[in-house]
Structure formats: C-alpha cells, structure tokens
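Structure, as structure tokens:
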Amino acid sequence: MTIAVFDSGMGGLTVLHALQDRLPSRDYVYLGDTARLPYGTKSTDTVHQYARRAAAFLMPFSPSALVIACNTASAAALDLLKEEFSALPVFGVIGPGARAAASGDGHILILATESTVASGAYPEAIRAIHPGASVTQIPCPLFVALAEAGWTDGPETEAVIRRTLLEGGISLPFSGTVLLGCTHFPVLRAAIQNVCGPDAVLVDSAQSLADDVCGRLAEDRGSGKIRFFVTDNPDRFFSIAPRFIGREIASEDTELCRI
Ligand code: DGL
C-alpha cells in the first residue's frame, strides 16, 4: 500500500514530511525530478510532459495513491493525470491549499512560482469556494533558490522577500491570509512571517494536502519505508533534503533514475 509522491525536486519533501506525520506506517516512493527542476519557469505543455513521465515512472511500484507534491505540476497537470491514471486516487496541492486559504480572514495573498501564478489555478479555486474573495498573487522566482541554498532566515533573505512583496504591490505590514503556494516555501515560513508582520496568517498548501490525503486514505500496517529516486545528482539531493524533510536521508536510500 505504497503512496507515490513526486515533485520537481526537493520541495515536495515538505509534503512527504507532512504525510509521514499523519500516516507513519505507510510505505512511500518519492521521485524528485531534479534533472528538470525548476518546473516553475516552464510552459504548461512542458510541465504536462514532465508530470506524465514522473507519474508513469512511479506506476510499476503499484501505488495505492499518487500525490503531486508540486504546486506548479498540480496547477498544470492534475486533471490530465487524473484522466490518465484513473485507476487510483490522484491528489494535487491546489484544491487543499485553496480551501485552507479561503477559510481564512481578509485579503488572500498567494506566493507561488511564475507558472503557478500564470495558470490562475489558485484564484480560480479560491473563488469557486468564495466568489467574492479578494485575492492577489505574486510570482516569487528567487524564493526557490533561497530555500535550496539554505538561506532561510536573516536580513538578506528578508530583504528579498520584502522587495518581492513590495514590487508585487503589497503594503507592509500585511494583514490577511498568506498562502505558501509552492512546496519550497514552508522552509521560509519564519522569514515570510517576519516580513509580513504578526497580523498575517500563513497557510501551507503542503499541510492542507496531507490533511486531505489522510482524510481519504486509512493508515496501513506497512513498514514506513521510503524509497527516494532523483533524475539527477543524488549527492546534492541528500545534502539539501534535511532542510525540507527535517531529518537526514541515507545515501543508500536515494537512487538515480532516468525518466
Ligand atoms: N516544487 C515547485 C512548486 O511547488 C517549486 C520548484 C520548481 O519551480 O520546480 O511549484
């Protein structure tokens, strides 16, 4: 009863971490498509292709569910993958993230990759719940690099966040709901909170997705084992992974694959 999870790289480990907290005895197989990272600057057609290949790679593990642990791939390819892999439940981050954001108060600010913003998927999903919701979305292309470099706090990181928000037309301090619409962004949570101020309520799409999966899949008596696959540079993956999953990953658990 394996749960298959994929992301463009290591950001999806924040989703895996949240899933493991809730369903610790499940077995997992995780694919980080590090050869094609970032997805967040690519066109929809390209992300479709990548997402299809990633999902196809995971099918021989006979998963009981497929989790798209990437906002960009969820925004572009959830419907496509649901159609192509209709034999199993396919979960994406947009619906759960939108529900969490829509349940908050005040203006909703979505921080995401360029592709997720361009897709309009979050505003559409939020307005399907709250037609009158006041929503702004901002592309944050530098945040992924900050998260991967481990620059998760400090004045330089906060300066980048502040400038991104100000250039996006947000007045600071911000009062309302801030949706972390990219799986890399939870590691920047404290810095984003500092910049936005205490009246901003941060919502994490990774946590919301894990709640959703947990609500639909029962716990299992598996061994809690995780197999990690990456499409490039496993050494870089397991050196950076602890920032996203909160623990070390053994190098022998990480395998290079070609998809
Ligand atoms: N994992 C991607 C997301 O959640 C961010 C990294 C990328 O651009 O590939 O949108």
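Laboratory data are not the source of any read-out in this text; all were calculated from the coordinates shown. Quantities reported herein were computed from a predicted structural model and do not represent experimental measurements. Backbone-built Cβ (ideal geometry, glycine too); neighbour counts: all protein chains shown.
Annotations
- Under the shape rule built on the C-alpha gyration tensor, where the axes satisfy a ≥ b ≥ c, the stretch 116-168 is prolate, since a/c reaches at least 1.5 and a/b is greater than b/c.
- Using 0.36 nm per residue and subtracting the Cα-Cα separation, the extra length available between S239 and Q49 on full extension is 65.6 nm.
- Between A87 and T152, the contour length at 0.36 nm per residue exceeds the alpha carbon distance by 19.5 nm.
- With the cut-off at under 19 Å, measuring from each backbone N in the stretch 148-164 to a point 7 Å along the Cα-to-Cβ line of A190 picks out 148-162.
- Cα shape, the stretch 10-80, gyration tensor, a/c 1.5 rule: prolate
- Only DSSP H runs of four or more residues enter the estimate; each adds -39500 (n - 2.57), and after division by the residues of the chain the mean residue ellipticity at 222 nm equals -13500 deg cm²/dmol.
- Over every Cα atom in the stretch 96-230, the radius of gyration and the widest Cα-Cα span, Dmax, amount to 15.8, 50 Å.
- Efficiency of FRET between S25 and A56 - r from beta-carbon atoms, R0 22 angstrom, step 0.05: 0.25
- D (Stokes-Einstein, µm²/s), Kirkwood Cα radius, the chain, 1.306 mPa s at 10 °C: 88 µm²/s
- Cα gyration tensor shape for the stretch 6-135, rounded if a/c is under 1.5, else prolate or oblate: prolate
- Extension gain for R127 to K225 (0.36 nm times residue separation, less C-alpha to C-alpha distance): 31.4 nm.
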